[in-house]
Every structure is written in structure tokens, then in C-alpha cells.
Amino acid sequence: MRFVAPSLLLCLIFGAATGYTSSARAEDIYSTLDEGDGSTVKEHVRRARRARDAGRWTEAHAAYKAAFEAADPASSTSQDRAKLAGELGLCELELRKYRDAAEHLAWSLEQRDALPLQLQLRFEAAQRKAAPHVGTLYLSVDPPDAEVLVDGKPISAPARTYRLFLEPGQHMVRARLAGHEEAFQSFDAQAGKATTISMQVPRAATQAAIPAKDAATMTREPKRSARVAQASSVAPSSTASKLRIAGAVLAGATMIVGGGFLTWSAYTEDELHDRATALRGADKEADRCARPNAPRACAELRDLQEQRDLLRQVGWVSLASGGAIGALTLVSLFVGRTSVPSDGVRVVPTASGQSAGLMMVGAW
């Protein structure tokens, strides 16, 4: 009996120690978040945990986002930032912000070696839930130091390959680099599906075509180069104007000539009618012109009829030619007014399973 009390005391101490150890193991996956970061990050994390445990996902999302943005790489470990990104993704999944959730969960799992197995499994399950709601873009760019913009917004630091998560729908990818032409690519992101795009950013043709010696000459004579450039830009415009004027004059003259031939054919028609009427009135036999011994007046009628047909044909051909020349002149006028410089606005064709059209990209 004298050993009963000490035994009970030892059991109580062992049970308490076991319970404490289990509780500590349940919390140690996040314990480093409170050790290495500053007080601001700690406070954000504590507030986020309380809101998460209470089911207040909006508040938890705001707190985890503040903690993730405040976690300085210089004072926090990759494990801490990976945990914060994963928790932020879990909150976004609950709030149905699927694109942001997929992005933060994928970023967290890229550092999976720094995450405990329990968190890896939890974040992977959340990533599988977010994936069916977003489109995935695998993008490769050459040269790799080109700046990449999606829908006009720059993405992360330049890289050779990217994995991007996008809302379903039409998107535009641009890649640009100094001394190179811009590259454009439009595509239709579909939920739960991946799209692969390879983009080449070609070197600007104007710069590549100028040898070093010519470039030095242009540098020494900037005024002369400016005058030559101005003359080259003005000359085509002046030539085009002269051609349009000549086209308009030619179209008008051709149509006037066509109208004259048609008027002449009308007079010929009247004369033919009068002669035919007179011949039928003078000849008692109506079919006399169809017989071998037809009078000379029948041959004159046939000649007059051929003349009428020829005049009518030439008149209509002239009118059609004048109209075609006038239409081409008018079209060239509109094209000249709506054209833009090669480095200004660009028109890019877009097409998808549901729609097709043109997208204008550039600055004006």
C-alpha cells in the first residue's frame, strides 16, 4: 500500500507529459514561424490562426497575406515562407479565389523539401481542388531575359520557363527586350487544362541591318540623316497623292468616254429603227431581207446594227473600267489615312473555340 500513492503520482505525471508532447507535436509544424521573424509577422500569424480556427476565412486570408508580404527573406527561412504561402492558399481556396490559391500553393510546394510531410499532403490536396477551376500556362521565352507581360501586367523576374495560373478566358502574352521586336501571342485558357507556348523575341531588323561603320557615319552626320529620313518619309506620301489624283482623273475620263459611246449607240438605235420601219413600209414582202436577192438597204441595216452593238459594248466596258479605277483610288485614300507606323499599334488576330476577331496592341 505504501507504493500505491507514488505509483499513482508517476502515472499522472506520465499522462500529462504524454498529452503535452502530443499537443506540442501538433503545433511544432508552425513553431518556427514565431522564432525567426519579427514581431509584426508573429502578430499577423497569431491573428490569422485565431481567425482560421474560428472559420473567419476573410480575416484569416488578410492576416496570412500580411504575414507573407512582411516575411523578409533576409530574416526568415524558406520553410517559414513556404508555410505562410501554403496557408494563404488554403484560405483563398475556401474563399473560391482559385487562381490565387493555385499560385500560392504551387509556390509553397516548390519548397516541399523544407515542409513537413503533413503539410505537403495537405497543400497537395488543396492544389488538386483548385486546379480544375483555373487554366495553366507553360511558357518558354527566348531570349530568357525578355520581360513578359500577361494581359498588360508584368509577371515575375525574367526566366526561361514559366508556369502561370490564369482565369479561364482569352489572354494576351507579350515579350519585349531592348533591341528586339515585341512578340505577341493570344490564347484561350480553359479551366482544368494546360496550354504550352514557346515565344521567340526576334532582334530588331533595322538595328541588325546597320553595320557598325554606317552607324558611326550616321552619328557624325545627324542633321543630314534627319533630312534624308524626312525626305524618305515625305516622298512616298507625295507620290501616293499624285497617283490618287491621276487615278481620279483617269476614272472620270473613262466614265465620260463610256457615257459618250452609250449615247452614240442610242442614236444609232434610233436611226436603225427608222430605216427598218421605212424599209418595211416600202417593201411589200416583209421577209425580203432574209432572201438571197435582198436589196442593198438590208445590208446597210445589218452594218448599222453591228455598229450599234459595238458602241454599246465599248460604252459599258468603259463605264466598268472607270468605276473600278475610281474604287481603287478611293480604297487607297482610306488605307493611307488609317495606316500607322510599324512601331505603333499592331493588329493581332485572335481565335478560339467560341470567338474570333482582331486585337489591337500598342501605344497611340
State whether the residues of the range 262-271 include one that is modelled with pLDDT of 85 or more and part of a strand (DSSP E or B).
no
Would you check if there is a residue in the range 145-153 being over 20 Å from the mean Cα position of the chain (by Cα) and under 17 Å from Val201 (Cα atoms)?
yes
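Quick grid of which residues meet (1) basic (Lys, Arg); (2) closer than 29 Å to Ala131 by Cα; (3) surrounded by 14 or more Cβ atoms within 10 Å (Cβ to Cβ); (4) modelled with pLDDT under 80:
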site: Ser31; (1), (2), (3), (4): no, no, no, yes
site: Arg49; (1), (2), (3), (4): yes, yes, yes, no
site: Lys65; (1), (2), (3), (4): yes, yes, yes, no
site: Ala70; (1), (2), (3), (4): no, yes, yes, no
site: Cys91; (1), (2), (3), (4): no, yes, yes, no
I'd like the full set of residues that are assigned to a loop (DSSP other than H, G, I, E, B) and among the charged types (D, E, K, R), limited to the range 94-115.
Arg96, Lys97, Glu110
Any residue that is part of a helix (DSSP H, G or I), surrounded by 10 or more Cβ atoms within 10 Å (Cβ to Cβ), modelled with pLDDT of 75 or more and under 37 Å from the mean Cα position of the chain (by Cα) - is there at least one of those in the range 309-320?
no
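The values are calculated or read from the model by the stated rules, or taken from the named source; none is laboratory data. Every value quoted in this text rests on a predicted model; they were computed, and no experiment measured them. Every residue, glycine as well, gets a Cβ built from its backbone with ideal geometry; the counts of neighbours run over all protein chains shown.
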